[in-house]
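Scroll down for the structure; my scribbles are underneath it.
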Amino acid sequence: MRHFMVFAGLLFFVCVEMIQAQNIRQQYSGKIGFYSPDKGLNNGLMIGADGITEFMHYDFFLNLSADLYFKQAFNFYRDPKPDIVQHQVILIPIGAGGAYKLLDVADADSRIYLGAGVGYYLYFYSVEYSTSTGGILGGVTSESVSRNGGNLFFTFFLRALVGRVFVEPRFFMASQKDDMVGSYRYSVNPSGFSIALGFQY
């Protein structure tokens with residue numbers, strides 16, 4: 001009897017997994033592409049990854065995503081600007097969204113999805129800039145400062161998937177984040193456009 005109960009329990013879990021497999025499809029993807037943000041951040045490469053749960057009977061998927069943008073050549077300061085020796089910014093948008101399947105060409109294993117999402121972006125900024133000590137014996141020294149913060153963003157995207165390869169244009173609409181380094185004010189605004197090539201598996 002005990003062996004039968006164990007067998008019945010295993011059979012139950014296998015059946016549940018089979019039913020779920022028929023109703024949903026869970027996948028992951030990685031991507032790399034060109035990102036054109038607010039003019040203060042400058043163009044650059046963006047990499048990203050997401051996890052997808054697709055509901056097979058409703059032509060719809062939900063996803064969780066994270067992207068990464070790194071840049072050392074940019075200018076997001078307002079006038080007056082510091083005398084920068086070197087600086088860098090790391091931008092990480094993290095979000096959740098959903099997409100509806102607009103087109104499914106089964107014979108070509110091709111699908112197109114239109115989606116939208118919301119999330120929160122994090123930024124990490126470090127800068128070394130020159131300062132003047134003033135006075136008769138004054139000179140020039142450098143100061144290093146780090147800042148971080150974030151704000152909300154919204155996104156709209158289109159994903160064209162052929163087999164496991166996809167192309168994804170995406171628009172970001174973000175709330176601007178203002179901060180200061182010393183007496184110098186800057187603004188971080190990731191609003192912009194990206195287009196990425198990725199692999200979904």
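Assorted remarks:
- Check on SER126, small (Gly, Ala, Ser), surrounded by fewer than 14 Cβ atoms within 10 Å (Cβ to Cβ) and more than 20 Å from ARG25 (Cα to Cα): no
- Annotation: of all residues in segment 51-88 being of a type in the set (Phe, Trp, Tyr) and in a strand (DSSP E or B), the one that is nearest to SER144 (Cα to Cα) is TYR77.
- Index of the failed condition, GLY48 passing every other in (1) modelled with pLDDT under 50; (2) assigned to a strand (DSSP E or B); (3) not acidic (Asp, Glu): (1)
- One residue stands out among those in segment 176-201 that are surrounded by 15 or more Cβ atoms within 10 Å (Cβ to Cβ) and of a type in the set (Ser, Thr, Tyr): the one that is nearest to ARG25 (Cα to Cα), which is SER194.
- Any hit, segment 159-170, residues being on the phi < 0 side of the Ramachandran plot and free of Cβ contacts under 8 Å to residues at least 12 places away in the same chain: no
Let's see how each residue does on (1) of a type in the set (Val, Ile, Thr); (2) at pLDDT below 95; (3) more than 19 Å from MET46 (Cβ to Cβ):
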| site | (1), (2), (3) |
| --- | --- |
| PRO93 | no, no, no |
| TYR100 | no, no, yes |
| VAL105 | yes, yes, yes |
| TYR113 | no, no, yes |
| LEU122 | no, no, no |
| GLY134 | no, yes, yes |
| SER142 | no, yes, yes |
| GLY150 | no, no, no |
| PHE166 | no, no, no |
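- Residue in segment 32-41 that is under 24 Å from GLY163 (Cβ atoms) and out of contact with any Lys or Arg (no Cβ under 9 Å at 6 or more places or on another chain) present: yes
The values are calculated or read from the model by the stated rules, or taken from the named source; none is laboratory data. Given the structure is predicted, the values throughout are model-derived calculations rather than measurements. No Cβ is skipped: glycine too gets one built from the backbone with ideal geometry, and neighbour counts run over all protein chains shown.
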